[in-house]
Amino acid sequence: MFYAAEDRIRGLPATQRVAVRQSDTRPLIEDFKPWFEVRLLEVSKKSALGKAIRYALKHWEGLTRFIDDGRIEIDSNTVERSIKPIALEKKNYLFAGSEGADET
């Protein structure tokens, strides 16, 4: 539901994005946090899900900052996609010029 709202506002000015986020996304986020807190009581603290929920709750302010700032994207996918080629090249160049590079 969060991403459906983001799809509708992608490319709009920041002020319009904030308005939609306030009206559409904020209520979802406000319901999501208590849902997380209840789920946390139902799962093992050592499970991957328990760790993920605790991480999200610990960083709640940062995770929800996009609601009040139309310049911020909901996630970092755009940035990650733009730096992926750099990371791949770095890995590839690690073995450039090595006689045994093709044997790894």
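The values are calculated or read from the model by the stated rules, or taken from the named source; none is laboratory data. Remember, it's a predicted structure, so these values are computed and weren't measured experimentally. A quick note on method: Cβ atoms are made from the backbone with ideal geometry, for glycine too, and the neighbour counts reach across all protein chains shown.
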>> If a residue counts only when it is within 14 Å of the chain's Cα centre (by Cα) and without any contact (Cβ under 8 Å) to a residue 40 or more places away in the chain, which helices (runs of 4 or more DSSP H) contained entirely in the range 19-73 have at least 3 such residues?
In response: 48-58, 60-64
> For the range 1-18, what are the residues that are closer than 17 Å to G70 by Cα, not basic (K, R) and not in a helix (DSSP H, G or I)?
Replying inline: G11, L12, P13
> From the list K58, K91, which one is exposed (fewer than 11 other Cβ atoms within 10 Å of the Cβ), modelled with pLDDT of 90 or more and of a type in the set (K, R)?
Replying inline: K58
>> Anything in the range 19-54 that is among the polar types (S, T, N, Q) and either more than 28 Å from R71 (Cβ to Cβ) or modelled with pLDDT under 95 (or both)? List them, or say none.
In response: S44, S47
